[in-house]
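The values are calculated or read from the model by the stated rules, or taken from the named source; none is laboratory data. Keep in mind that what you see is a predicted model, and the values were worked out from it rather than measured. Virtual Cβ from ideal backbone geometry, glycine too; neighbours counted across all protein chains shown.
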Amino acid sequence: MGERDKYPVLALPPAELKIERRGGGLAVRCLCRGKYVALTPEEWVRQHFISYLSKWCGYPAGLIAVEVALEVNGVRRRADVVCYDKKLRPLVVVECKAPEVQIVRGTLDQARMYHTRLNTPVVVLTNGLSHYCYVRNEEGEYEAAKEMPKYEEVVAREK
């Protein structure tokens, strides 16, 4: 498998990413952290999804955090992406996988662990090719959404 095969065209709008060769591999400038990080297939998906959230869904870039440290049942974990409102209440948790990793029950269980800790109204699972978005309804149940809700919609619903 060639280097380009690791980073396929995703089912997301194109992202303007700064990529450099560093050391023995590639690095991408993180849209949230403002520093270069190793470009892995999962990071490729994460950066594209962050770009999508910010440019297409209106989530303020300054309110998107990456690899958020959490403790779940006494175990330290990291949520891939968490979006906050202006009062720093978590709105969205995103679990990213590499494009070749299928979204399966275990992926949902992993996202659910983060969600349980953060209590976000939106949970997203993505490998860049397939996306699953679940939104909390008025009864507090989660249901599949046809598309990613815009920032202002989620904020208005959570008031």
>> I'd like to check something: does the range 142-151 contain any residue that is assigned to a loop (DSSP other than H, G, I, E, B), out of contact with any strand residue (DSSP E or B) (no Cβ under 9 Å at 6 or more places or on another chain), more than 13 Å from Leu91 (Cβ to Cβ) and modelled with pLDDT of 95 or more?
In response: no
> Would you pick out the residues in the range 50-92 that are under 14 Å from the mean Cα position of the chain (by Cα), touching a residue at least 12 places away in the same chain (Cβ under 8 Å) and closer than 16 Å to Ala111 by Cα?
Replying inline: Ala65, Val66, Glu67, Val68, Ala79, Asp80, Val81, Val82, Cys83, Pro90, Leu91, Val92
> Any chance the range 2-10 includes a residue that's touching a Gly at 6+ places or on another chain (Cβ under 8 Å), closer than 28 Å to Arg112 by Cβ and not hydroxyl-bearing (Ser, Thr, Tyr)?
Replying inline: yes
>> If a residue must be under 16 Å from Ala27 (Cα atoms) and hydroxyl-bearing (Ser, Thr, Tyr), how many such residues does the range 40-75 contain?
In response: 1
> With (1) in contact (Cβ under 8 Å) with a residue 60 or more places away in the chain; (2) part of a loop (DSSP other than H, G, I, E, B) as the list, and Val154 as the residue in question, which single condition is left unmet?
Replying inline: (2)
> Looking only at the range 102-144, which residues are closer than 23 Å to His48 by Cβ, loosely packed, with under 14 Cβ neighbours inside 10 Å and more than 14 Å from the chain's Cα centre (by Cα)?
Replying inline: Gln102, Val104, Gly106, Ala144
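Every residue, every condition in (1) assigned to a helix (DSSP H, G or I); (2) within 22 Å of Ala11 (Cα to Cα), yes or no:
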position	(1), (2)
Ile50	yes, yes
Gly62	yes, no
Leu70	no, no
Asp80	no, yes
Glu95	no, yes
> Applying the selection to the range 108-141, what residues are assigned to a loop (DSSP other than H, G, I, E, B) and either out of contact with any Lys or Arg (no Cβ under 6 Å at 6 or more places or on another chain) or in contact (Cβ under 8 Å) with a residue 60 or more places away in the chain (or both)?
Replying inline: Asn119, Thr120, Asn127, Gly128, Leu129, Ser130, Asn137, Glu138, Glu139, Gly140, Glu141
> Being farther than 17 Å from Val124 by Cβ, touching a helix residue (DSSP H, G or I) at 6+ places or on another chain (Cβ under 8 Å) and buried (at least 19 other Cβ atoms within 10 Å of the Cβ), is that true of even one residue in the range 6-27?
Replying inline: yes
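From the set of residues in the range 28-41 that are crowded, with 17+ Cβ neighbours inside 10 Å and closer than 22 Å to Gln102 by Cα, which is nearest to the chain's Cα centre (by Cα)?
The initial filter retains those residues of the range 28-41 that are crowded, with 17+ Cβ neighbours inside 10 Å, namely 28, 30-32, 39, 41.
Filter again for closer than 22 Å to Gln102 by Cα, leaving 39, 41.
Working: Leu39: 16, Pro41: 14 Å.
Selected residue: Pro41.
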